[in-house]
Amino acid sequence: MVRMLRTLAFFLTFAAFAIAQAPAPVTAVRCGKFLDPKSGAVRDDITVIVQGGRVSQTGPAASTPVPPGARQVNIPVSGVCMPGLIDVHDHLT
């Protein structure tokens, strides 16, 4: 019984370590138009790198490298990327 508990503890520890070491998912969003939240300006052809649910990098698509294995999303020029926009519109009835 003790041996079985030790084996179980070993595998649970190993599984927890493996989960903790898993890399955060990376997504590269190429925006035809991008509303810069700092300046308020609309910029053209911008790539936004999102890692682990947070924006890690933004820049011109031509000079912003997409990490290998990243999920790629293309937003056409007819759409606008607005990072940090939070929908707080609500009706309480």
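The values are calculated or read from the model by the stated rules, or taken from the named source; none is laboratory data. Remember, predicted model here, so these are calculated numbers, not experimental data. We place every Cβ from the backbone using ideal geometry, glycine too, and count neighbours over all the protein chains shown. Calculation scope for accessible area: heavy atoms of the full protein, side chains included, ligands and nucleic acids excluded. Shrake-Rupley method; radii C 1.70, N 1.55, O 1.52, S 1.80 Å.
Straightening the chain between THR93 and LYS38 buys 16.3 nm, computed as 0.36 nm per residue apart minus the Cα-Cα spacing. Computed with every protein chain present, the accessible area of THR64 is close to 10 Å² [probe 1.4 Å]. Annotation: extensible slack from VAL77 through GLN51 equals 7.0 nm (criterion: 0.36 nm per residue apart, minus Cα-Cα distance). Net charge in the neighbourhood of PHE34 (other residues with Cβ under 14 Å of its Cβ; Lys, Arg +1, Asp, Glu -1) is +1.
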